[in-house]
1. Just want the answer: with Cβ charges of +1 for Lys and Arg and -1 for Asp and Glu, which residue in Ala176, Thr43, Ala63 is farthest toward the dipole's positive end in the chain?
2. Give me the 1.4 Å probe accessible area per residue for the range 22-88, excluding ligands and nucleic acids, in Å².
3. List the residues whose amide H sits under 5 Å from the amide H of Tyr135, counting only those 5 or more places along or on another chain, with H placed 1.01 Å from N in the peptide plane.
4. For the range 22-88, with only Lys/Arg (+1) and Asp/Glu (-1) charged at the beta-carbon, what is the dipole magnitude about the Cα centre, in debye rounded to 20?
5. Where nothing but the Cβ of Lys and Arg (+1) and of Asp and Glu (-1) is charged, how large is the charge dipole of the chain around its Cα centre, in debye to the nearest 20?
6. So what's the net charge close to Gly94: Lys and Arg +1, Asp and Glu -1, counting the other residues with Cβ under 12 Å from its Cβ?
7. Counting DSSP beta bridges in the chain, what percent are antiparallel, to the nearest 5?
8. Please report the accessible area of Leu32 (heavy atoms, 1.4 Å probe, ligands and nucleic acids excluded) in Å², nearest 10.
Amino acid sequence: MGMIKPIQLVIFDCDGVLVDSERIAARVQVALGAELGWRLTETEVIDRFIGRSHASIREQVAARLGEETAAIWSERFEQLHRQAVDVELAPVEGLPEALDSIALPTCVASSGSHDKMRHTLGRTGLYERFAGRIYSATEVARGKPAPDLFLHAARQMGIDPAACVVVEDSRPGVHAARAAGMRAFGYAGGLTPAERLEGTDTIVFHDMRKLPTLLTEQ
C-alpha cells in the first residue's frame, strides 16, 4: 500500500452538512407522498432520496407514479422547500465554528442545483465563505453515488483526488467519495444513522465542532 497523501482540500456536501435542510426536505417529501399517492415514512425518504440529485428523485417518482405526477411533485417540492427554508433554515450546529478553525482549502459539492445552494447558503450567511468554489451535480453526467461530482470538484480546484477528503451526511455521498478515491468523513449528527455511513476510508463523527481536530489527525 502507498503512503496516504496529506489533505490538500476539504470538500463539503451542502444539505445536512453545511445547512440543516435535510430535516425540512424529508418532512416535505413525506407530505408530498401522502398528497400525491406514494405514502412514505421518513426512513424510506432517507433511504430513497437523501443525498441524491433532483433528477434521480424525479426518476424514482416517475417510475412509481408517472411523468405527469413526477413533474407536479418536483414543482411542489421546490415551492414548499423554499418556503420552509425561508422560515426555519439554520447552519448545521457547530458548523460556523468548525469553518473558522479549518485552515485547509475548502469547496462545496452538492446534489442540489446552484440556485438552491445560493438560496440555502445565502439564507444562513454561508454563501460568501464558498463563493466561486461551489459545484453542483447538474454539472456532471451522474450524481451520487457515482464519483463524478467529487472528481469534478477536485479537478476544478486543481487537487489530486487522493489528497481530498469529503464531508458527507448521506450513504450515497460517502459511497461517491470512496468511489472517487477520497477519504470520507461521515457526519452522523443528522438524519442518516451512523451505521449507514460506516465503511472503508471513512471516519464517522457526530459533532461538527470536532471536524477541525479530526482533519489534523489525518
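1. Farthest along the dipole direction, towards plus: Ala176.
2. Result: 55 Å² of accessible area for each residue.
3. Val108, Ala109, Ser110
4. 100 debye
5. Charge dipole, the chain, about its Cα centre: 340 debye, nearest 20.
6. -3
7. For the chain, the DSSP antiparallel bridge percentage is about 5.
8. Estimated to the nearest 10 Å², Leu32 gives 0 Å².
The values are calculated or read from the model by the stated rules, or taken from the named source; none is laboratory data. Bear in mind that the values here come from a model prediction, so they are computed numbers and not experimental data. Quick reminder, even Gly has a Cβ in these numbers, built from the backbone with ideal geometry, and neighbours come from all protein chains shown. Keep in mind that these areas ignore ligands, DNA and RNA; they rest on the heavy atoms of the full protein, side chains included. Shrake-Rupley method; radii C 1.70, N 1.55, O 1.52, S 1.80 Å.
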